[in-house]
1. Can you name every residue in the range 1-57 that is acidic (Asp, Glu) and under 28 Å from the mean Cα position of the chain (by Cα)?
2. Only one residue in 193, 214, 235 is under 20 Å from residue 257 (Cα atoms), of a type in the set (D, E, K, R) and either loosely packed, with under 13 Cβ neighbours inside 10 Å or modelled with pLDDT of 85 or more (or both), so which one is that?
3. I'm trying to understand the selection: among the residues of the range 272-286, which are in contact with a helix residue (DSSP H, G or I) (Cβ under 7 Å, 6 or more places away or on another chain) and not in a helix (DSSP H, G or I)?
4. Any residue at all in the range 110-117 that is touching an Asp or Glu at 6+ places or on another chain (Cβ under 9 Å), outside any helix (DSSP H, G or I) and modelled with pLDDT under 80?
5. Among 265, 257, 252, 269, which is touching a residue at least 60 places away in the same chain (Cβ under 8 Å), among the aliphatic types (A, V, I, L, M), in a loop (DSSP other than H, G, I, E, B) and buried (at least 20 other Cβ atoms within 10 Å of the Cβ)?
6. For the range 161-184, indicate whether the set of residues that are in a loop (DSSP other than H, G, I, E, B) and either at pLDDT 85 or above or out of contact with any strand residue (DSSP E or B) (no Cβ under 8 Å at 6 or more places or on another chain) (or both) is non-empty.
7. From the residues in the range 66-90 that are assigned to a helix (DSSP H, G or I) and among the polar types (S, T, N, Q), which one is surrounded by the fewest Cβ atoms within 10 Å (Cβ to Cβ)?
8. Of the residues 87, 76, 70, only one is within 22 Å of residue 121 (Cβ to Cβ) and of a type in the set (A, V, I, L, M, F, W, C); which?
Amino acid sequence: MSRKTGRRLFWVVCLAACLAGFLLSVLTGPVKTTPGDLLRFIQSHDRVQAAIFIDLRLSRAVLAFLVGAALALSGAILQGYFRNPMADPFVVGVSSGASLGAVIATSLGFEAAAFGFSGPGLLAFISGLGIVSLVYVLSLRRGGFKVETILLTGIAAGALASALTSFFLFMRSDSYDQAVFWLLGSFQLAEWRQAATIAPWFVLCFVAAIWLARDMDLLALGDETAQALGCSVRRVRKAFLVMSALLAALSVAVSGVIGFVGLVVPHWVRILIGPGHRALFASSALAGGTFLLYCDLLARNILAGELPIGVITAAVGAPFFLYLLHKKR
């Protein structure tokens, strides 16, 4: 099978799985519903059924897809940025910084909402981007920076933010239950306004990533080679860093910390369709959204109560990633 045929097959399978996932999400919930109930709703537009199918279930499915797509695209960008398949959206400290902001908001009872974010979500978004900005500033060296410096600075900043998060949880143990939402991830509080908040930014970053995909292919050859071939290395690297951080911070702000999506999905997609970044970015976004859609279904149905979705992604993603490493080795 040629690479082109494999890509087409991948897209057909992913699109079919995505549509099936949306249908299952709309039909699944505490209130038992059937495909017949959905058809009757489409014909009658009953308000009660609209609240169930549209406001509760479809909004949650759309948000799960958008977050999964954003995390996977962010991971694909950073793996190309660092030229390292082990990189993920949280390697530059976004996850730890956003968790710190959410826990501080929870501990202080901060409830101010804006731009579709709750109080903790707003501080999570601000602190996540703040950590990335700090990492970038600290990585500057005489007008330039090295990729390795950003990576190591991000790890150090993330460790510091995690330590501060633990400190606030220790000081305010009564807020631990609320903080679990941000530390393990969940879509229980999904609303249309959250999906409306993240969607435009995801589309903007997606279009920009596809537009700059050729420059990412050049960066894979090394900065000096890319510069010689006409790539504005420093400007392109800034753009990709901003996009990846923005996508990850938005995702954490609306759903909490969800691991392994940005690490495993791009890695798996690259094996199936090849390393070309234009196809890789688009395919990773579709596969990431579909993957998280099914993880959310498992989180809702695997037990009588709802599991944090971060538990599901870790349980599925970690063994699969170990398999990939073992196979590669």
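The values are calculated or read from the model by the stated rules, or taken from the named source; none is laboratory data. Note that the structure is a prediction, hence the values are computed from the model and not measured. We place every Cβ from the backbone using ideal geometry, glycine too, and count neighbours over all the protein chains shown.
1. Once the filter is applied, which keeps residues that are acidic (Asp, Glu) and under 28 Å from the mean Cα position of the chain (by Cα), the range 1-57 yields only 55.
2. Among 193, 214, 235, only 193 is under 20 Å from residue 257 (Cα atoms), of a type in the set (D, E, K, R) and either loosely packed, with under 13 Cβ neighbours inside 10 Å or modelled with pLDDT of 85 or more (or both).
3. Of the residues in the range 272-286, the ones in contact with a helix residue (DSSP H, G or I) (Cβ under 7 Å, 6 or more places away or on another chain) are 272-274, 276-286.
Scanning the range 272-286 gives 274, 276.
4. The initial filter retains those residues of the range 110-117 that are touching an Asp or Glu at 6+ places or on another chain (Cβ under 9 Å), namely 116.
After this cut, where a residue has to be outside any helix (DSSP H, G or I) as well, the list is 116.
Keeping just the survivors that are modelled with pLDDT under 80 gives 116.
Checking the range 110-117: at least one residue is touching an Asp or Glu at 6+ places or on another chain (Cβ under 9 Å), outside any helix (DSSP H, G or I) and modelled with pLDDT under 80.
5. 257
6. Looking through the range 161-184, at least one residue is in a loop (DSSP other than H, G, I, E, B) and either at pLDDT 85 or above or out of contact with any strand residue (DSSP E or B) (no Cβ under 8 Å at 6 or more places or on another chain) (or both).
7. First pass over the range 66-90, keeping only residues assigned to a helix (DSSP H, G or I): 66-81.
Then keep just the ones that are among the polar types (S, T, N, Q); that gives 74, 79.
Numbers: 74: 35, 79: 27.
Ranking the candidates gives 79 first.
8. On the way: 87 fails: within 22 Å of residue 121 (Cβ to Cβ); 76 fails: within 22 Å of residue 121 (Cβ to Cβ).
Answer to the selection: 70.
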